[in-house]
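First the structure, in the form of structure tokens, and then the observations on it.
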């Protein structure tokens, strides 16, 4: 099984979209060869706004995904320190650095994102960044 960290944008695209990006995101989420790992930061990015806006179907989609997550990162202090170092070394925005740090801490092989390949996250070694924007 391949450990995969799923970025917030992928979950949002899958939950809300009906376009090719949503289809690609959903195909990754349905891939039985993957085991999903995550952090509380992904949950914080997607759930509160959907709950506030009473998007019941979207909330249910996220909850189903989060219930299927095999491993959650729990060392928040360590994650913050690692994210800070990653952000400084590779020029990442804060939330991207947190996601990368969590993926690395959870031994993810892939990080699935909606970010374009020109983003700094692609500079981080030892983690394959896969964008649903450019998957054939």
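The values are calculated or read from the model by the stated rules, or taken from the named source; none is laboratory data. Please read all numbers here as calculations on a predicted model, not as lab measurements. Glycine gets a Cβ as well: all are built from the backbone with ideal geometry, and neighbour counts include every protein chain shown.
Summary table below
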{"quantity": "Listing of helices (runs of 4 or more DSSP H) fully contained in the stretch 27-132 that carry 2 or more residues being more than 14 Å from the chain's Cα centre (by Cα) and over 20 Å from residue 3 (Cα atoms)", "calculated": "40-52, 56-68, 76-90"}
{"quantity": "Candidate set: the stretch 66-111, residues that are crowded, with 19+ Cβ neighbours inside 10 Å and in contact (Cβ under 8 Å) with a residue 40 or more places away in the chain; chosen: the one farthest from residue 33 (Cα to Cα)", "calculated": "79"}
{"quantity": "Residue 52 vs. criteria in contact with a strand residue (DSSP E or B) (Cβ under 8 Å, 6 or more places away or on another chain), without any contact (Cβ under 8 Å) to a residue 40 or more places away in the chain and over 18 Å from residue 109 (Cβ atoms)", "calculated": "no"}
{"quantity": "One residue from 10, 59 being touching a strand residue (DSSP E or B) at 6+ places or on another chain (Cβ under 6 Å) and at pLDDT 95 or above", "calculated": "10"}
{"quantity": "Every residue from the stretch 1-19 that is surrounded by fewer than 16 Cβ atoms within 10 Å (Cβ to Cβ) and either free of Cβ contacts under 8 Å to residues at least 24 places away in the same chain or farther than 15 Å from residue 111 by Cα (or both)", "calculated": "16, 17, 18, 19"}
{"quantity": "Flag for residue 22 being closer than 24 Å to residue 133 by Cα and either buried (at least 18 other Cβ atoms within 10 Å of the Cβ) or in contact with a strand residue (DSSP E or B) (Cβ under 6 Å, 6 or more places away or on another chain) (or both)", "calculated": "no"}
{"quantity": "Residue 30 farther than 24 Å from residue 97 by Cβ, surrounded by 14 or more Cβ atoms within 10 Å (Cβ to Cβ) and without any contact (Cβ under 8 Å) to a residue 24 or more places away in the chain", "calculated": "no"}
{"quantity": "Failed criterion for residue 116 (all others in (1) at pLDDT 95 or above; (2) closer than 21 Å to residue 21 by Cβ hold)", "calculated": "(1)"}
